[in-house]
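Notes for the one structure printed next.
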Amino acid sequence: MRSGFPDFRLGPVLATSFTGTLSERFGDPVERIPVPERLADWLAVSGLAVDSCTAEQLDGARELRESIHAAATAAALREPLPASAVQVINDRSAEGRAAAILTPGGTRSWRLGPTSPVADALGVVAADAIAVLAGERDGKLALCASPTCRAAFFDTSQSRTRKWCDMNTCGNRQKKARFQAGRGKGSGPAH
């Protein structure tokens, strides 16, 4: 993993983890895949290792990421999915030729083709987004309650009432802010 870049925010759902490669969308945005090598890093930690990525592939990946985010946001708000986002997701899914394989340990892995591994990897991400958006998984799409984040995430909690995309970042930051606000009210001069 290359140092000098922000850590990835990985979660159990590939598609929403991918949208998390751009965080704090409504604050000071943090781009976690600023160069093609970082896209290759993200794909590797997501089980979709490729040898390298080009700037053009990074642009295509970002287009897919933003399309997934737009569609997931609309789904979380129970609004119609944007047609342009749906088109990009469908196109990337159709372009990919990855094969699901069973490992000796009984888990699923992906075999990417030798001629288009990045397109194959992005096809897996797009197919995962389709499964989530089509309601094929047990859970629901939600938006982070942080006003600077608003990341789409897939809530698999039993009650489906999770508020934060990541408790260790957005949730913790909001708890600290509430604590500090509460301390400020009680620290005035005594009469």
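Values computed for the structure shown
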quantity	calculated
Looking only at the stretch 21-34, and only at residues there that are of a type in the set (A, V, I, L, M, F, W, C) and out of contact with any helix residue (DSSP H, G or I) (no Cβ under 7 Å at 6 or more places or on another chain), the one that is surrounded by the most Cβ atoms within 10 Å (Cβ to Cβ)	30
Some residue of the stretch 116-125 being open to solvent by 40 Å² or more (accessible area, probe 1.4 Å) and in contact with a helix residue (DSSP H, G or I) (Cβ under 6 Å, 6 or more places away or on another chain)	no
Matching residues, the stretch 24-73, being part of a helix (DSSP H, G or I) and charged (D, E, K, R)	37, 38, 41, 56, 59, 62, 63, 65, 66
Search result, residues across the stretch 155-166 that are surrounded by fewer than 23 Cβ atoms within 10 Å (Cβ to Cβ) and either touching a residue at least 40 places away in the same chain (Cβ under 8 Å) or in a loop (DSSP other than H, G, I, E, B) (or both)	156, 157, 158, 159, 160, 161, 162, 163, 164, 166
Some residue of the stretch 85-92 being closer than 29 Å to residue 107 by Cβ, open to solvent by less than 40 Å² (accessible area, probe 1.4 Å) and not in a helix (DSSP H, G or I)	no
Any hit, the stretch 37-49, residues being surrounded by fewer than 16 Cβ atoms within 10 Å (Cβ to Cβ), in contact (Cβ under 8 Å) with a residue 40 or more places away in the chain and in contact with a Ser or Thr (Cβ under 9 Å, 6 or more places away or on another chain)	yes
Test: residue 100 is without any contact (Cβ under 8 Å) to a residue 24 or more places away in the chain, among the hydrophobic types (A, V, I, L, M, F, W, C) and either in contact with a Cys (Cβ under 8 Å, 6 or more places away or on another chain) or over 30 Å from residue 163 (Cα atoms) (or both)	yes
Matching entry among 96, 105, 60 (being closer than 23 Å to residue 11 by Cβ and open to solvent by 30 Å² or more (accessible area, probe 1.4 Å))	105
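The values are calculated or read from the model by the stated rules, or taken from the named source; none is laboratory data. This structure is a prediction, so every number in the text was calculated from the model and none was measured. Don't worry about glycine lacking a Cβ; one is built from the backbone with ideal geometry, like all the others, and counts go over all protein chains shown. Keep in mind that these areas ignore ligands, DNA and RNA; they rest on the heavy atoms of the full protein, side chains included. Shrake-Rupley method; radii C 1.70, N 1.55, O 1.52, S 1.80 Å.
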